[in-house]
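Down below is the structure, laid out as structure tokens.
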Number of protein chains: 4
Amino acid sequence: MTQVIDLNCDMGESFGAYTIGLDQEVIRHVTSANIACGFHASDPNVMHKTVALCRSHRVGAGAHPGYPDLLGFGRRAMECSEEELIDYVIYQVGALKGFLDYYEVPLQHVKLHGALYNTLVKTEQPFLNLIRAVKKAFGDVIFLTLSTPLTAALKKEAQQEGLRIALEAFPDRMYTDEGELASRKLPGTVLKDRAVIADRVVTMVKEKGVNSVNGRWIPMDIDTLCIHGDNMESVAAAQEIRAAAEKAGIEFRPLGSFL
Amino acid sequence: MTQVIDLNCDMGESFGAYTIGLDQEVIRHVTSANIACGFHASDPNVMHKTVALCRSHRVGAGAHPGYPDLLGFGRRAMECSEEELIDYVIYQVGALKGFLDYYEVPLQHVKLHGALYNTLVKTEQPFLNLIRAVKKAFGDVIFLTLSTPLTAALKKEAQQEGLRIALEAFPDRMYTDEGELASRKLPGTVLKDRAVIADRVVTMVKEKGVNSVNGRWIPMDIDTLCIHGDNMESVAAAQEIRAAAEKAGIEFRPLGSFL
Amino acid sequence: MTQVIDLNCDMGESFGAYTIGLDQEVIRHVTSANIACGFHASDPNVMHKTVALCRSHRVGAGAHPGYPDLLGFGRRAMECSEEELIDYVIYQVGALKGFLDYYEVPLQHVKLHGALYNTLVKTEQPFLNLIRAVKKAFGDVIFLTLSTPLTAALKKEAQQEGLRIALEAFPDRMYTDEGELASRKLPGTVLKDRAVIADRVVTMVKEKGVNSVNGRWIPMDIDTLCIHGDNMESVAAAQEIRAAAEKAGIEFRPLGSFL
Amino acid sequence: MTQVIDLNCDMGESFGAYTIGLDQEVIRHVTSANIACGFHASDPNVMHKTVALCRSHRVGAGAHPGYPDLLGFGRRAMECSEEELIDYVIYQVGALKGFLDYYEVPLQHVKLHGALYNTLVKTEQPFLNLIRAVKKAFGDVIFLTLSTPLTAALKKEAQQEGLRIALEAFPDRMYTDEGELASRKLPGTVLKDRAVIADRVVTMVKEKGVNSVNGRWIPMDIDTLCIHGDNMESVAAAQEIRAAAEKAGIEFRPLGSFL
């Protein structure tokens, strides 16, 4: 039987004269794009172009809001209040929605960026409050976050009140026995071998789980897989991995079309 | 017969720890608010509060986008391309719309700020292109700008293609014989006497025109009057002028309710 | 015998069209100014004017660098590396020094702002490394920080290698039994009564210590007292407190003249 | 006889996670670096590294201040007052000087960037006032600008009051009959052929002039030549052109060593 999965990638991270990412290339291999919104990366012109790119490639468009820290690329935690964070997210998603509405492209999902992603994913009530605020402002959009035992529970809890959470896994990252991402600082936790990564994609999608660093089987709730498009190597890897997975009977479709 | 007019004021110009304007006071005397959107002034938290304020006072909410120049408060012209400007406006209006949608407050109008207002109002095609882009992204919102012979013609031209332009006059400013605002630098061109300003409000609304600096009668197309709320004096003036105008049979209502 | 002490105040915190602080007033009552440097507050024009103000009032001029967070006024901790922080400080102090050199005003001291002040004061090696870097770039300037048991020890340690640390106390704040500032959130820890504050100034200077919240005597190493100039009330308080202390035989002089 | 000339290049234009320029490569082929100062490009960490790079390669270090417009990379003119501009320059040069002083590298020169360079070079009194302010703040530094008939005259006038101006030419750009840079928009005005550019370098240095687009000989006052280091091609070109010029008996040395 064909299994369906989404493939998401950060996009639209250039700023003014500065370029990050090979958006024109990687857009051809993913089904959903997390579009930076001008706080940690991007600017209005880049957002305009990125939305147009998503439309022409029929890629699911999502907002990718971050901390107001362009200098740190949103990678540094900032001591903000819950109210501040919620307003930062509404502002950024709203700004992106202007361009989406301009092109009549639906807002498929919201995924937090960098340190904001890492901070919120470890909380429960603040995270739910944020997701509620996003729904209040933007309607029934999918909230995309890391698949962990905690978020898998949160996803079910949220469903009760009509909030949609989608969970992502990283096929090129190793996981701990607890089902958390193993720190990048540990040797060997970021995989490079494309065949190995492609195998993990198939396992993740078909068997709904992954082997931990210690070889222990970790069941996971996975709606989408996250890949990178920073350089030609990662783009080539994306293409190869997707092709291998498709051969194994996996179909890639935007999150919004099947969730 | 009662004449209806709108009274608009810039609002939500505070930023972080910095405060500008007496929003809590002036909101009680106006019918429409031009809400700064974070480029020349404001921040997400201020926008959230300002939208809530508009809702609780049933004041028409408008976006007030400016140049990306917080340091210069949007008062300095920047050599931007038409594409850049359009995207800056879509971004800012979209960001505000996030908060409006959060509170189910409709976006009534868009009014450019400062140097952006001054630059665009003197153009024809670039201005129309911007208004078209705003409509494409945000639907049938009113575009508020200065009433001049040029914009009065533009308003009619725009109507042909379904674009709504509203024109504003400044009761505390003197006008040239050509129907343009007399430079602030000329002595006596900014009026302070509240009784005189109130008289001009009545004339502007009832007789659809104003006497120029040289005493010449200038017919004007006026949909809304712009006032200021920077300090207690201007707020008191607003209250007094509005009361005088109401005594003279003028009714103040949000732009969107009668245009 | 006359005792000499310095009186310092944050200054130059306005930004563009935004005003914070009554610099023109408070400058007349202090002997040292901590001048914001454009990251958490201020801009080049404000810095220029603030340095000119210090010169004309013969007030000791210090740099007051903060986190790169204008939106949060530097009050939110950011997860920066030691290298990042040192470079942020060198950048800001250097920028201020441009204006000081323009007016031939010496750089008397450096005092960190807000969350940066709070973060570093609790560390030992990172703080010393920062002070060393400042000395390497700007020579023999005084580093001003909070007087605590930890910093009193650090001050002596630093002297060994030729680094000058000056310690400040807050006469309007209560202290714990451990000689730390009691949290502002606890009731009664921020004093308002000017006579009480003036008494504490005299005690702090003459007896080198303060009574804790529990009435325990805390010896303190104090080189300067910090006051506020945000509003007319605090300026009036500064004037009154200084006058009372002068009557009690205390002389106020810029830090650099006696340390 | 050996002729001496300086070769300058913009450097340190990266920002946070964003990279522009191949500084590590191009630094090996130039004798002076124009270091961005954080307004149109760069950040404190990039400035630190760039100054360290200049020191280790014994390249003359100059400040390269621009408009406060990171989004536009300083390429868009902004309507600023003379006071604003002077303070923006003092701020930026001062910030760089912090890092130079940290490494005991002298500030060799100041060269404006982008739209600020283009705006000021066409003025006389505002430009002189800026150069005077820079001297007042930073002492006897060289002010580097475009060689035109106007600036050649300004250079002599400035010498009278002890101000040092250095003039630069662009070997890869065509000049009008009036000795001005021909617009980049005209076809053929930006040269690509390295042999041709190398020939022009030799002519510019040895014969103190250049042939205009119409083949007319234009005498020019030239102290330094400007090249680019944006990509591997321009770096290779720089290396080749310099080698060819050295074969023709031209010696390259930092501006400060011979002016």
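The values are calculated or read from the model by the stated rules, or taken from the named source; none is laboratory data. Please read these numbers as outputs of a predicted model, since none were measured by experiment. Glycine also receives a Cβ, built like all others from the backbone with ideal geometry; neighbour counts cover every protein chain displayed. In case anyone asks, the SASA skips ligands and DNA or RNA and just uses the protein heavy atoms, side chains included. Shrake-Rupley method; radii C 1.70, N 1.55, O 1.52, S 1.80 Å.
Computed values, structure above
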| item | result |
| --- | --- |
| Selected residue (criterion: surrounded by the most Cβ atoms within 10 Å (Cβ to Cβ)) from residues of segment D:239-250 that are in contact (Cβ under 8 Å) with a residue 12 or more places away in the chain and of a type in the set (Gly, Ala, Ser) | D:Ala245 |
| Residue list for segment A:26-45, restricted to those being away from chain D (no Cβ under 14 Å) and in a helix (DSSP H, G or I) | A:Val26 |
| Any hit, segment D:128-135, residues being out of contact with any Cys (no Cβ under 6 Å at 6 or more places or on another chain) and under 17 Å from D:Asn34 (Cα atoms) | yes |
| Of all residues in segment B:21-32 being out of contact with any Asp or Glu (no Cβ under 9 Å at 6 or more places or on another chain) and open to solvent by 40 Å² or more (accessible area, probe 1.4 Å), the one that is farthest from B:Ser56 (Cα to Cα) | B:Glu25 |
| Residue check, B:Asp23 modelled with pLDDT of 95 or more and either closer than 19 Å to B:Glu168 by Cβ or within 14 Å of chain C (Cβ to nearest Cβ) (or both) | no |
| Residues that are assigned to a loop (DSSP other than H, G, I, E, B) and among the β-branched types (Val, Ile, Thr), drawn from segment A:203-259 | A:Val213, A:Ile222 |
| Check on A:Glu207, free of Cβ contacts under 8 Å to residues at least 60 places away in the same chain and either of a type in the set (S, T, N, Q) or surrounded by fewer than 17 Cβ atoms within 10 Å (Cβ to Cβ) (or both) | yes |
| Residue that is farthest from B:Phe258 (Cα to Cα), among those in segment B:149-181 that are over 18 Å from the mean Cα position of the chain (by Cα) and of a type in the set (Gly, Ala, Ser) | B:Ala153 |
| Verdict on C:Leu186 being part of a loop (DSSP other than H, G, I, E, B) and of a type in the set (A, V, I, L, M) | yes |
| All positions within segment B:210-225 that are small (Gly, Ala, Ser) and either open to solvent by less than 30 Å² (accessible area, probe 1.4 Å) or in contact with a helix residue (DSSP H, G or I) (Cβ under 8 Å, 6 or more places away or on another chain) (or both) | B:Ser212 |
| Residue within segment A:227-238 that is farther than 21 Å from A:His113 by Cβ and open to solvent by 70 Å² or more (accessible area, probe 1.4 Å) present | yes |
| Filter result (within 14 Å of chain D (Cβ to nearest Cβ) and either surrounded by fewer than 24 Cβ atoms within 10 Å (Cβ to Cβ) or in a strand (DSSP E or B) (or both)) within segment A:1-20 | A:Asp10, A:Ser14, A:Phe15, A:Gly16, A:Ala17, A:Tyr18, A:Thr19, A:Ile20 |
| Residue within segment D:77-86 that is among the small types (Gly, Ala, Ser) and buried (at least 23 other Cβ atoms within 10 Å of the Cβ) present | no |
| Single residue of segment A:46-90 satisfying the filter (without any contact (Cβ under 8 Å) to a residue 12 or more places away in the chain and assigned to a helix (DSSP H, G or I)) that is farthest from the other protein chains (Cβ to nearest Cβ) | A:Ser56 |
| Selected residue (only one of D:Glu157, D:Glu180 is farther than 23 Å from D:Glu233 by Cβ and surrounded by 14 or more Cβ atoms within 10 Å (Cβ to Cβ)) | D:Glu180 |
| From the options B:Pro171, B:Pro106, B:Pro126, B:Pro149, residue that is touching a residue at least 12 places away in the same chain (Cβ under 8 Å), more than 30 Å from B:Pro44 (Cα to Cα) and open to solvent by 10 Å² or more (accessible area, probe 1.4 Å) | B:Pro149 |
| Residue that is touching a residue at least 60 places away in the same chain (Cβ under 8 Å) and on the phi < 0 side of the Ramachandran plot, where the choices are A:Ile218, A:Ile222, A:Ile165 | A:Ile222 |
| Residue within segment B:196-203 that is hydroxyl-bearing (Ser, Thr, Tyr) and open to solvent by 20 Å² or more (accessible area, probe 1.4 Å) present | yes |
| Residue match in segment A:65-73 (condition: more than 28 Å from C:Glu84 (Cβ to Cβ) and open to solvent by less than 20 Å² (accessible area, probe 1.4 Å)) | no |
| Residue match in segment D:38-60 (condition: under 18 Å from the mean Cα position of the chain (by Cα), surrounded by fewer than 22 Cβ atoms within 10 Å (Cβ to Cβ) and under 24 Å from A:Phe15 (Cα atoms)) | no |
| Residues within segment A:152-209 that are under 24 Å from A:Phe138 (Cβ atoms) and β-branched (Val, Ile, Thr), tallied | 1 |
| Filter pass, B:Arg253 being touching a strand residue (DSSP E or B) at 6+ places or on another chain (Cβ under 9 Å), closer than 23 Å to B:Gln24 by Cβ and surrounded by fewer than 19 Cβ atoms within 10 Å (Cβ to Cβ) | yes |
